[in-house]
Amino acid sequence: MTILSVEHLCKRYPGFALEDVSFSMEQGTVMGFIGRNGAGKTTTIKSILRLVRPDSGRITVCGMDAETHEREIRARIGYVSGSAAYYPRRRLRALTAVTASFYPAWDSVRCAQLMQRFGLDEDKRVSELSEGMKVKYQLALAMSHGAELLILDEPTSGLDPVSRDELLQMFVQLCDKEGVSIFFSTHITTDLDACADRITWLRDGRVAASGPLDAFRAEYVLARGPEAQLTDALRAKLIGATVRAGQAEGLLHAADAPLAAGLALQPADLTAIMVHLEREAEP
């Protein structure tokens, strides 16, 4: 089942335009959403959440049109942000009660189970929570009203490596065991290497790539070695190449790997691919 579909989304502002953005994701999967600052990620997310009105295009969530079923869709989406702000002196119990009042289908038993599972104490104040626990609290709230699609906006920013890994494992479990779908916008692309099934990459308001992550990574290899080993043919094929202290590094399409005799080749992760392709695209 297609849980989220964005078709030909356009939104124009002075000096920036989101143009013909299209992608989709299936139920029970994690989609990584990447791009440089200003690429249009926030505008896309706000369009999905109906916080901005697109100029054109169509968005469907759980098979429902976002424009005509806005209220029903809100009940089936959970939004989690690494920068979410709560009243720091309020206790979680009070915040949970306020949140529950907005959702007729709120499951208090489920909420209590999730709070226990995530190690959250309802008597604690927000100011007493670590950044990782704040993200877990948002997840507990989202899952307590039956969210089928979680939209995560930089949820692991500012977390230590152990807390980040713990959350990534939790995201995978939510997908695998509970069928939740996760739309994961982040600049920490190594997190997506660990958990994403698909990626959508925005560049200057347009989709630069969208598809299975494994297939996307398989398109490229990373080449490193002495600059003296670079032939003219290899220089012409290297993507986003740099040279430091006589050592060259660049991205190659996998089909061009035989040209890299004398250089060390290794699989390219998402970070390396994004950095080199963006560098190549710079004027």
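In the set (1) touching a helix residue (DSSP H, G or I) at 6+ places or on another chain (Cβ under 6 Å); (2) within 22 Å of CYS111 (Cα to Cα), the condition left unmet by GLY158 is number (2).
Conditions tested, residue by residue: (1) closer than 22 Å to PHE23 by Cβ; (2) among the aliphatic types (A, V, I, L, M); (3) surrounded by 16 or more Cβ atoms within 10 Å (Cβ to Cβ).
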{"position": "ASP191", "(1), (2), (3)": "yes, no, yes"}
{"position": "PRO226", "(1), (2), (3)": "no, no, no"}
{"position": "THR231", "(1), (2), (3)": "no, no, no"}
{"position": "ARG235", "(1), (2), (3)": "no, no, no"}
{"position": "LEU252", "(1), (2), (3)": "no, yes, yes"}
{"position": "GLN266", "(1), (2), (3)": "no, no, no"}
{"position": "MET274", "(1), (2), (3)": "yes, yes, yes"}
{"position": "LEU277", "(1), (2), (3)": "yes, yes, yes"}
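Taking THR200 as the residue in question, decide whether it is part of a helix (DSSP H, G or I) and in the same structural domain as GLU154 (by TED's automatic domain parsing). No, not satisfied.
Return the only residue of LEU174, LEU192 being free of Cβ contacts under 8 Å to residues at least 40 places away in the same chain, under 14 Å from MET31 (Cα atoms), aliphatic (A, V, I, L, M) and outside any loop (DSSP other than H, G, I, E, B).
Details: LEU192 fails: free of Cβ contacts under 8 Å to residues at least 40 places away in the same chain.
That would be LEU174, the only listed residue that is free of Cβ contacts under 8 Å to residues at least 40 places away in the same chain, under 14 Å from MET31 (Cα atoms), aliphatic (A, V, I, L, M) and outside any loop (DSSP other than H, G, I, E, B).
Taking (1) assigned to a helix (DSSP H, G or I); (2) at pLDDT 90 or above; (3) in contact with a helix residue (DSSP H, G or I) (Cβ under 9 Å, 6 or more places away or on another chain) in turn, TRP106 satisfies each apart from (1). For segment 110-135, the set of residues classified as among the polar types (S, T, N, Q) and either without any contact (Cβ under 8 Å) to a residue 12 or more places away in the chain or assigned to a helix (DSSP H, G or I) (or both) consists of GLN113, GLN116, SER127, listed by residue number. Applying the set (1) touching a residue at least 12 places away in the same chain (Cβ under 8 Å); (2) assigned to a helix (DSSP H, G or I) to HIS187 leaves exactly one unmet item: (2).
Do the conditions hold for ALA140, that is, is it crowded, with 20+ Cβ neighbours inside 10 Å, part of a helix (DSSP H, G or I) and of a type in the set (Gly, Ala, Ser)? Yes; evaluated as a whole, the condition is true for this residue.
Let's see how each residue does on (1) in the same structural domain as THR60 (by TED's automatic domain parsing); (2) over 30 Å from SER24 (Cβ atoms); (3) among the small types (Gly, Ala, Ser):
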{"position": "SER127", "(1), (2), (3)": "yes, yes, yes"}
{"position": "LYS136", "(1), (2), (3)": "yes, no, no"}
{"position": "GLY146", "(1), (2), (3)": "yes, no, yes"}
{"position": "THR156", "(1), (2), (3)": "yes, no, no"}
{"position": "SER163", "(1), (2), (3)": "yes, yes, yes"}
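With the structure loaded, tell me whether ARG71 is surrounded by fewer than 13 Cβ atoms within 10 Å (Cβ to Cβ), assigned by TED's automatic domain parsing to the domain that holds SER22 and outside any helix (DSSP H, G or I) or whether it fails that test. The answer is no for ARG71. Of the strands (runs of 3 or more DSSP E) lying entirely inside segment 1-45, those containing at least 3 residues that are under 22 Å from HIS69 (Cα atoms) and in contact with a Pro (Cβ under 8 Å, 6 or more places away or on another chain) are 2-13.
What helices (runs of 4 or more DSSP H) lie completely within segment 203-283 and have 2 or more residues being more than 25 Å from the chain's Cα centre (by Cα)? Working first, answer last.
Numbers: elements: 213-218, 232-237, 270-281.
By residue number, 232-237.
Against the conditions (1) touching a Gly at 6+ places or on another chain (Cβ under 9 Å); (2) within 18 Å of VAL126 (Cβ to Cβ); (3) part of a helix (DSSP H, G or I), LEU159 satisfies every one except (3). Among the residues of segment 46-68, not one is small (Gly, Ala, Ser), part of a helix (DSSP H, G or I) and touching a residue at least 60 places away in the same chain (Cβ under 8 Å).
The values are calculated or read from the model by the stated rules, or taken from the named source; none is laboratory data. Everything quoted here is computed from the prediction, not taken from an experiment. A quick note on method: Cβ atoms are made from the backbone with ideal geometry, for glycine too, and the neighbour counts reach across all protein chains shown.
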